[in-house]
Amino acid sequence: MRLLNRAAWFANGIANRVNAKKTEQRWREDDKRQMQFVDLPELSEAEFEELKRTWPFLKFNKNDVYWARLYKKEYGFDPYFISSVNQCYQLRAKINPRSQVCSLENKALVDIYFPEIPFPEVYVRRINNSFYNQEMNRIPFEEAITILQQKGSFIIKPSLGTMCGKGVKKYVIDEGKVASREWFSKVFEGATSNFIAQEVLVQRPDISRLNPTSLNCCRITSIYINGIYTYGAMLKIGKNGAHIDNWNSGYLVGINSDGSVKEKGWDDKLSPVYQTDNGIVFDSIQYPCFQELLQSIERYHKKYFPQCGIVGWDVIIDHQNNPKVIEANLVIPGIPAEQLCSGPFFKVVRDELVKAFK
């Protein structure tokens, strides 16, 4: 039996290594495809060696430095950028241990776990095909329908394992009508077995005007390593008619420390963009209440996620001037695009990361 267990353990280890290699190759191919139309400078041998000295705990591959070359094009060579998507995931696996983040990323439970964080109000939760109300009391299907009928409009969002806005849909029940059981059955069948139905947020008019059909979130990437805190920030703006502001449907542009927006942003093909689709120039935008948001995010990270080194926060200011946290991303917080918009914000914690990896 011990020999069988050891053989199973050995086989599982081999399978994990094979899967890791396939994942590395997939990310490498994705980077290459995304940057195929961008004229990237090469890294010199001396620059490549300097990257390795700066980040001695990361694996380097000369065929896997597309992002380092892009950062060199935009900022000049700087070894303090994390240079590839694969390295970002090596880093995330170390500073956000999977044992810490799996349950914390369940969107059906985060408002229960972290009551101080102003997440959108959850009306109904479906967890493993069972329905629960806001207070986490189990309810029948018919009661879930009644709750949502009374709300009139709601957002359906998968609570596990999605990214880039996949599966997020807005539903509006026509005024004066009562949606049928069959209508709700189709809505629920189109979702996953784990989802939330939550409030439809209304953002401040000055941010809504950037693209009225999407929430134009501020992404604050907070870093907390061995007592040292830093952050990067960018604005996500939906394209004309888009219902989500993720990169595949919008533009990313950095935010300065005073809340002013930078001059230049990027689309998902890495083409430079300087204004919204309706003609608002990026560097004319001032993100509201930015200092208050930064202070809140730092407090939330230190209080609720002290064992996680990096958190990607999507936040907005609503029409009543209240902050709302759309998501706190721990498994895929995003690093490459944030560095493109914010610069090498890991530089502040580089020495602490070297210690942590030792």
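Quick notes on this structure:
- Restricting attention to region 182-215 and to residues that are of a type in the set (A, V, I, L, M) and not in a strand (DSSP E or B), the residue that is modelled with the lowest pLDDT turns out to be ALA191.
- Pairs are defined by a Cβ separation below 6 Å, a sequence spacing of at least 6 or placement on different chains, a first member in region 25-38 that is touching a residue at least 40 places away in the same chain (Cβ under 8 Å), and a second member that is surrounded by 12 or more Cβ atoms within 10 Å (Cβ to Cβ) and assigned to a helix (DSSP H, G or I); the pairs so defined are TRP27/VAL85; TRP27/ASN86; ASP31/TYR66; ASP31/VAL85; MET35/TYR66.
- Subset of region 57-89 (residues that are surrounded by 17 or more Cβ atoms within 10 Å (Cβ to Cβ) and of a type in the set (S, T, N, Q)): SER83, SER84, ASN86, GLN87
- Within region 76-105, tally of residues that are touching an Asp or Glu at 6+ places or on another chain (Cβ under 7 Å) and either more than 17 Å from LYS22 (Cα to Cα) or of a type in the set (Lys, Arg) (or both): 2
- Of all the criteria given as (1) in contact with a strand residue (DSSP E or B) (Cβ under 8 Å, 6 or more places away or on another chain); (2) within 30 Å of TRP55 (Cβ to Cβ), the one not satisfied by GLU74 is (1).
- Filtering region 34-49 to residues that are buried (at least 16 other Cβ atoms within 10 Å of the Cβ) and under 19 Å from VAL354 (Cβ atoms) leaves only PHE48.
- Residue match in region 303-314 (condition: of a type outside the set (Phe, Trp, Tyr) and in a helix (DSSP H, G or I)): yes
- Given (1) outside any strand (DSSP E or B); (2) among the charged types (D, E, K, R); (3) touching a residue at least 60 places away in the same chain (Cβ under 8 Å), number of the condition ASP258 does not satisfy: (3)
- Hey, TYR71 assigned to a loop (DSSP other than H, G, I, E, B), among the hydroxyl-bearing types (Ser, Thr, Tyr) and at pLDDT 95 or above or not: no
- Residue within region 228-237 that is under 20 Å from the mean Cα position of the chain (by Cα), touching a residue at least 60 places away in the same chain (Cβ under 8 Å) and under 29 Å from GLY152 (Cα atoms) present: yes
- Among the numbered conditions (1) among the charged types (D, E, K, R); (2) in contact with a Ser or Thr (Cβ under 7 Å, 6 or more places away or on another chain); (3) modelled with pLDDT of 90 or more, the only one that GLU45 does not meet is (2).
- Check on ALA144, aliphatic (A, V, I, L, M), in a loop (DSSP other than H, G, I, E, B) and surrounded by 15 or more Cβ atoms within 10 Å (Cβ to Cβ): no
- Candidate set: region 333-358, residues that are surrounded by fewer than 17 Cβ atoms within 10 Å (Cβ to Cβ) and of a type in the set (A, V, I, L, M); chosen: the one nearest to THR221 (Cα to Cα): VAL348
- Subset of region 315-353 that is β-branched (Val, Ile, Thr) and assigned to a helix (DSSP H, G or I) - its residue that is nearest to LYS72 (Cα to Cα): VAL348
- Total residues in region 110-141, condition more than 15 Å from ASN329 (Cβ to Cβ) and part of a loop (DSSP other than H, G, I, E, B): 12
The values are calculated or read from the model by the stated rules, or taken from the named source; none is laboratory data. Computed from a predicted structure; not experimentally measured. A quick note on method: Cβ atoms are made from the backbone with ideal geometry, for glycine too, and the neighbour counts reach across all protein chains shown.
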